[in-house]
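Engineer: Encoded as structure tokens, here's the structure I'll be asking about.
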Amino acid sequence: METEGRLGRLSSVLEKVAHYSPINQGLSLLEHWLDLVNTVQGSREASVGPTPKEVIWRKNKARLYRYERTTPATRKTPVLCIMPLINRAYILDLRPGASFVAYLQSQGHDVYLLDWGDWNDEDRSLNIDVLLEQYVARAVRMVAKQAGGPITMLGYCIGGAVATCFTALHEEGLIKNLVLLTTPIDFQDAGPFGVWTRPSVFPLELLTSVFPAVPGAYPDVGSKLLQPLPASVGQFVRLEEKLRDERFDVYGWQAMFRWVNDGVSFPSGCYRQWIGEFYQSNKLVRGQLVMNGRKVLLSNIRCPLLNVVASNDVIAPRPTTSAILGLVSSTDKAELVVKGGHVGIVVGKAAATDLWPKVGAWLAARDA
Amino acid sequence: MQNTPQTTANKSFAIDPFRLLRKVYDTVEQVTGPAIEKLITTDRFARLNGKVMEAILRTQRVTRENVTSTLHLMNFPAREDIVRLGELVLQLEEKIDKLGDRIEALEQRNGKLTGG
């Protein structure tokens with residue numbers, strides 16, 4: 001009896017201690033900290049790429065996807081998306097409500113996407129010439145055959161430069177429209193990347209001889225160096241703040257964080273060409289770029305062109321992205337300046353209300 | 001399997017170390033941000049960046065070469081050997097693709113000749 005009484009008293013004392021404010025506060029802070037850790041760690045498994053798709057062609061690690069539709073396409077011209085070589089393709093189909101692919105589908109287009117896959121050391125001899133000839137050309141032919149006519153090519157970042165070169169080299173009427181998203185073309189004033197990759201300071205030959213496939217971490221570190229504090233500590237400081245708001249889209253943040261940290265390797269042949277011929281020698285704009293034995297002349301581009309640039313792009317600054325309008329022969333050409341950064345304009349909050357409808361309207365007007 | 005974090009909805013704490021950290025970060029960023037922005041576009045930073053990369057890459061090269069020679073010494077294939085094998089497979093795939101292209105072109109030509 002006495003022991004039970006003592007235990008009862010002890011229990012009530014412990015209860016009071018547990019409710020003592022500093023302990024509660026400490027537990028709440030610990031819970032908040034754990035939420036932060038779990039949000040960051042959980043981003044590895046964040047669900048991405050929600051739109052159903054089928055593989056219609058494959059080569060090496062590359063896949064050509066056709067996004068499945070529940071209703072027949074109402075537009076004549078399909079859209080083929082050409083992705084950057086160093087990023088995962090799911091950025092254009094990130095999450096429900098944050099999918100450019102799903103938006104284009106909703107506008108009646110058949111949407112295709114060329115996903116380069118995960119390059120490895122055996123791909124070291126691949127350069128952009130090979131990608132154009134063996135990958136893009138076949139993918140374009142495949143999509144045009146399925147559509148029964150010319151297509152819209154939509155290139156994002158380096159994928160846009162690849163799409164531009166392809167369009168300049170192929171005048172067979174396969175490309176009806178060209179849409180470029182934050183695509184660097186003129187490297188005369190390429191911002192910090194241009195300074196860092198100067199031939200006198202950048203160990204390009206060493207890098208590409210040590211790594212047959214340049215690890216995604218290298219370009220990624222470069223991107224983070226552009227804004228070292230916000231891109232490192234800052235993102236977690238902001239996340240902590242956002243986690244206090246119950247309206248915060250945790251899964252959206254995780255999907256984006258996953259993509260940013262999920263870079264792919266760059267075949268050394270492509271990397272050498274991208275840095276050497278594009279960044280260092282600026283051959284595309286100077287009309288000196290030769291691919292597969294042919295000069296890549298931007299003046300050969302005559303199809304309608306929509307050039308989308310981001311106002312605060314630190315990766316591909318305005319001088320690099322805006323130059324193309326003055327170099328092509330297209331009479332139907334336009335530049336769309338969207339407020340935001342390199343990635344934010346494509347999948348950020350404002351994309352669904354700003355960029356996508358404008359691109360949709362431009363494509364609709366050129367579908368006939 | 002997606003992680004399901006619980007947001008600590010609209011929580012405020014009597015003693016809030018996170019808020020303090022945020023204030024420290026914001027101050028540091030505000031003070032250093034413009035200076036860093038200028039610094040990273042200087043030739044000096046570019047040169048330093050190149051030298052750091054060079055040092056890392058040279059170390060990587062030595063490590064790779066040592067691993068390869070150790071594996072070869074023990075009669076094991078190294079990464080380079082597997083890469084060469086992978087390249088041969090890719091060359092074979094391209095040959096098949098080229099044959100596919102030629103067959104497709106022939107089919108198209110035959111279709112045109114027969115009016116199909």
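The values are calculated or read from the model by the stated rules, or taken from the named source; none is laboratory data. Please read these numbers as outputs of a predicted model, since none were measured by experiment. Cβ: placed from backbone, ideal geometry, glycine included. Neighbour counts: every protein chain shown. Protein only, heavy atoms only, side chains kept; ligands, DNA and RNA dropped before computing areas. Shrake-Rupley method; radii C 1.70, N 1.55, O 1.52, S 1.80 Å.
Engineer: Residues in the stretch A:279-290: is at least one basic (Lys, Arg) and assigned to a helix (DSSP H, G or I)?
Structural biologist: Yes, because at least one residue in the stretch A:279-290 is basic (Lys, Arg) and assigned to a helix (DSSP H, G or I).
A quick yes/no check of all residues on (1) closer than 20 Å to residue A:210 by Cα; (2) open to solvent by 90 Å² or more (accessible area, probe 1.4 Å):
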| site | (1), (2) |
| --- | --- |
| B:42 | no, no |
| B:53 | yes, no |
| B:86 | yes, no |
| B:92 | no, yes |
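Engineer: Among what's in the stretch B:66-84 and is facing another protein chain (nearest Cβ under 10 Å) and out of contact with any Lys or Arg (no Cβ under 9 Å at 6 or more places or on another chain), pick the residue that is least open to solvent (accessible area, probe 1.4 Å).
Structural biologist: B:82
Engineer: Test each condition in (1) at pLDDT below 95; (2) in contact with a strand residue (DSSP E or B) (Cβ under 8 Å, 6 or more places away or on another chain) for residue B:93 and report the one that comes out false.
Structural biologist: Unmet for residue B:93, out of (1) at pLDDT below 95; (2) in contact with a strand residue (DSSP E or B) (Cβ under 8 Å, 6 or more places away or on another chain): (1).
Engineer: Residue A:254 fails exactly one of the following numbered conditions: (1) more than 8 Å from every other protein chain (Cβ to nearest Cβ); (2) open to solvent by less than 40 Å² (accessible area, probe 1.4 Å). What is the number of that condition?
Structural biologist: Only one criterion in (1) more than 8 Å from every other protein chain (Cβ to nearest Cβ); (2) open to solvent by less than 40 Å² (accessible area, probe 1.4 Å) is unmet by residue A:254, namely (1).
Engineer: Shifting gears a bit: Please go through the stretch A:209-251 and pick out each residue that is surrounded by 17 or more Cβ atoms within 10 Å (Cβ to Cβ), at the interface with chain B (Cβ under 9 Å from one of its Cβ atoms) and β-branched (Val, Ile, Thr).
Structural biologist: Listed by number, the residues that qualify are A:210, A:237, A:250.
Engineer: Answer yes or no as to whether residue A:203 is modelled with pLDDT of 95 or more, touching an Asp or Glu at 6+ places or on another chain (Cβ under 9 Å) and not β-branched (Val, Ile, Thr).
Structural biologist: yes
Engineer: Could you say whether any residue in the stretch A:303-319 is in contact with a helix residue (DSSP H, G or I) (Cβ under 9 Å, 6 or more places away or on another chain) and exposed (fewer than 15 other Cβ atoms within 10 Å of the Cβ)?
Structural biologist: Checked the stretch A:303-319: at least one residue is in contact with a helix residue (DSSP H, G or I) (Cβ under 9 Å, 6 or more places away or on another chain) and exposed (fewer than 15 other Cβ atoms within 10 Å of the Cβ).
Engineer: Inspect the stretch A:257-268 for any residue being open to solvent by less than 40 Å² (accessible area, probe 1.4 Å), within 24 Å of residue B:45 (Cα to Cα) and either within 12 Å of another protein chain (Cβ to nearest Cβ) or not in a loop (DSSP other than H, G, I, E, B) (or both) and give the result as yes or no.
Structural biologist: No, every residue in the stretch A:257-268 fails to be open to solvent by less than 40 Å² (accessible area, probe 1.4 Å), within 24 Å of residue B:45 (Cα to Cα) and either within 12 Å of another protein chain (Cβ to nearest Cβ) or not in a loop (DSSP other than H, G, I, E, B) (or both).
Engineer: Would you check which residues across the stretch A:319-354 are more than 25 Å from residue A:93 (Cβ to Cβ) and assigned to a loop (DSSP other than H, G, I, E, B) and list them?
Structural biologist: A:327, A:328, A:329, A:330, A:331, A:332
Engineer: Moving on. Please find, among A:103, A:112, the residue that is in a strand (DSSP E or B), touching a Phe, Trp or Tyr at 6+ places or on another chain (Cβ under 7 Å) and touching a residue at least 12 places away in the same chain (Cβ under 8 Å).
Structural biologist: So the residue among A:103, A:112 that is in a strand (DSSP E or B), touching a Phe, Trp or Tyr at 6+ places or on another chain (Cβ under 7 Å) and touching a residue at least 12 places away in the same chain (Cβ under 8 Å) is A:112.
Engineer: Mind telling me which of the residues A:48, A:40 ends up being outside any helix (DSSP H, G or I) and either within 14 Å of chain B (Cβ to nearest Cβ) or open to solvent by less than 40 Å² (accessible area, probe 1.4 Å) (or both)?
Structural biologist: A:48 is the lone residue from the list that is outside any helix (DSSP H, G or I) and either within 14 Å of chain B (Cβ to nearest Cβ) or open to solvent by less than 40 Å² (accessible area, probe 1.4 Å) (or both).
Engineer: Please list, ordered by first then second residue, the pairs with beta carbon atoms under 7 Å, 6 or more apart or interchain, first in the stretch A:188-208 and more than 7 Å from chain B (Cβ to nearest Cβ), second of a type in the set (S, T, N, Q).
Structural biologist: Short answer, once both residue conditions are applied: A:188/A:282; A:190/A:320; A:197/A:280; A:199/A:280; A:208/A:268.
Engineer: Please work out which residue is farthest from the other protein chains (Cβ to nearest Cβ), limiting yourself to the stretch B:1-32 and to residues that are at pLDDT below 90 and within 31 Å of the chain's Cα centre (by Cα).
Structural biologist: Looking at residues that are at pLDDT below 90 and within 31 Å of the chain's Cα centre (by Cα), I get B:4.
Engineer: Tell me the residue from A:31, A:2, A:68, A:15 that is in contact with a Ser or Thr (Cβ under 8 Å, 6 or more places away or on another chain), at pLDDT below 95 and either open to solvent by 50 Å² or more (accessible area, probe 1.4 Å) or among the basic types (Lys, Arg) (or both), please.
Structural biologist: A:31
Engineer: A further question on this structure: What's the number of the condition residue B:36 fails, among (1) modelled with pLDDT of 95 or more; (2) at the interface with another protein chain (Cβ under 8 Å from one of its Cβ atoms)?
Structural biologist: (1)
Engineer: Considering the stretch A:276-302 alone, what residues qualify as being within 13 Å of chain B (Cβ to nearest Cβ) and under 30 Å from residue A:351 (Cα atoms)?
Structural biologist: Selection gives A:279 alone.
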